[in-house]
Amino acid sequence: MFGSTFFITALFLIYQPIVWAAPASSESSASPDSPSSPSSVSSAPTQSFTAGLTSDDPNDSLFDQFQNEIPEAIRGTLGATVIGPQNVIEDRLSPDFLAPPSTDAGSVANAKWPFSLSHNRLQTGGWARQENVQVMPIATEMAGVDMRLQAERELHWHSTGEWGFIFKGQVQITAVMSGGTNYIADLDAGDVWYFPSGIPHSIQATNQSAAGAEFLLVFDSGSFSEDDTFLLTDWLAHIPKEILAKNFRTSIEAFDHIPATELYIFPSSPPPPAAQNAVSDPNGQVPQALSFPWSKSARTPLAGGSVKILDSTTFPISQTIAAADVTVGVGGMRELHWHPTQDEWSYFISGTARVTIFAAEGNARTFDYQAGDIGYVPASCGHYVENIGNDTLEFLEIFKSNKFEDISLNQWLALTPPDLVKAHLNIDDATIALFNKSEQTVV
């Protein structure tokens with residue numbers, strides 16, 4: 001009996017401080033912001049969370065700081081200086097790799113690829129460099145090519161759909177659809193074209209600028225490679241001339257001077273304007289335009305920037321690519337959001353950005369982007385795009401879809417019963433009142 005009494009008494013003495021500590025904690029929390037005091041947080045739930053509360057560390061960007069000093073692998077009290085060899089240039093471009101925010105955790109595949117790291121294919125009159133799953137394994141749904149023309153891109157076609165966006169200059173595109181209808185158009189910087197898979201086409205720089213043109217190509221397959229393009233000269237060089245003569249009902253000698261290898265990009269005379277260069281077609285014109293004058297579309301002004309969207313609702317032929325052109329002012333951000341069913345392939349046109357990708361189950365990773373970089377966010381992964389530079393940020397959001405879709409965190413919570421939100425986040429009515437029932441896009 002004595003042994004049992006001693007054991008029970010010992011247990012009481014061990015746990016007594018813990019039991020007594022609860023009221024003490026409650027009293028210490030009776031500050032001007034506590035439920036017992038009249039304040040803006042009076043409606044906040046008084047529940048506690050098993051996992052504790054998040055840190056108050058703002059985890060600000062170190063980008064500006066790193067530009068003016070040697071970057072160090074230090075954030076707050078964590079980390080240490082770099083005393084071994086260091087690539088200072090790379091560390092300045094990606095401060096959140098060297099000194100990640102404390103909110104980063106777990107594992108997220110690399111979601112950044114600069115075109116500057118892509119091998120460039122140099123030709124007389126232009127060049128091309130590409131990104132695909134070989135260099136960016138996470139990007140399974142789309143691939144990209146940065147192409148420069150002072151000349152002509154050879155007649156060709158692809159087994160994937162092609163979406164083009166012009167950075168600089170002017171180009172003339174041609175195409176022939178199944179059924180024999182043809183298309184020709186002159187496009188300016190900011191304009192877009194779309195060629196469905198298997199449709200033969202060409203791209204030529206016009207004489208509007210002596211410098212020619214540069215443009216972005218996006219393909220609806222992450223495994224796409226420019227090396228797999230079906231080129232006119234490559235095909236004909238591998239067909240017996242007897243077959244060529246029979247096909248075109250002419251002599252074999254007519255093909256004595258076809259190139260032995262592909263041309264790809266080659267010098268040529270600039271084309272006349274499309275209206276003069278059009279070939280009459282007994283089959284008529286294509287039923288849907290293969291280009292869209294996106295440069296003339298008005299932007300929707302937003303609190304922190306602007307946006308314009310292009311998908312099949314306004315560009316019907318584009319059935320596998322939808323896009324948004326987003327600008328974010330200094331200090332602003334593309335709000336926290338996700339895309340329900342489609343991966344996002346991003347291209348940064350100007351400025352400096354910071355993006356954290358949340359991939360569920362405690363996995364999050366922060367990336368930094370500059371002009372010429374490609375980003376990638378898998379479907380349903382939450383993210384934001386913050387302007388951490390001193391100039392306007394502009395980037396393209398591109399999707400393998402015929403319709404642009406996203407879900408705003410702010411709008412979702414604003415349209416959810418307040419008590420349900422408070423039970424999750426331990427926030428008050430005053431905070432919930434700030435949530436917006438309309439999507440903000442850029443704040």
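The values are calculated or read from the model by the stated rules, or taken from the named source; none is laboratory data. Just so you know, these numbers come straight off a predicted model, no measurement behind them. Every residue, glycine as well, gets a Cβ built from its backbone with ideal geometry; the counts of neighbours run over all protein chains shown.
If the condition is being more than 30 Å from residue 141 (Cβ to Cβ) and small (Gly, Ala, Ser), then segment 219-255 contributes 237, 245, 251, 254. Among the residues of segment 119-138, those identified as within 18 Å of residue 372 (Cα to Cα) and among the small types (Gly, Ala, Ser) are 126, 128.
The set of residues from segment 352-378 being small (Gly, Ala, Ser) and surrounded by 22 or more Cβ atoms within 10 Å (Cβ to Cβ) comprises 353, 375. Taking the numbered list (1) farther than 27 Å from residue 140 by Cβ; (2) in contact with a Lys or Arg (Cβ under 8 Å, 6 or more places away or on another chain); (3) not hydroxyl-bearing (Ser, Thr, Tyr) in turn, residue 329 passes all entries but (2). Of everything in segment 314-325 that is in a loop (DSSP other than H, G, I, E, B) and not β-branched (Val, Ile, Thr), the residue that is farthest from the chain's Cα centre (by Cα) is 316. Selection of segment 286-300 for residues being farther than 20 Å from residue 162 by Cβ and touching a strand residue (DSSP E or B) at 6+ places or on another chain (Cβ under 9 Å) yields 297, 298, 299, 300. Listed by position, the strands (runs of 3 or more DSSP E) contained in segment 118-185 that have at least 2 residues being buried (at least 20 other Cβ atoms within 10 Å of the Cβ) are 126-131, 143-149, 152-157, 162-168, 171-176.
Restricted to segment 162-202, and to residues there that are at positive phi and at pLDDT 95 or above, the residue that is farthest from the chain's Cα centre (by Cα) is 180.
Listed here are the residues, each with its yes/no results for (1) closer than 23 Å to residue 346 by Cβ; (2) modelled with pLDDT of 95 or more; (3) charged (D, E, K, R).
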site	(1), (2), (3)
75	no, yes, yes
87	no, yes, no
92	yes, yes, yes
112	yes, yes, yes
117	yes, yes, no
121	no, yes, yes
135	yes, yes, no
144	yes, yes, no
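Among the residues of segment 355-370, count how many are aliphatic (A, V, I, L, M) and more than 12 Å from the chain's Cα centre (by Cα).
Matching residues across segment 355-370 total 3.
Under the condition of being within 32 Å of the chain's Cα centre (by Cα) and charged (D, E, K, R), the residues counted in segment 423-443 number 2.
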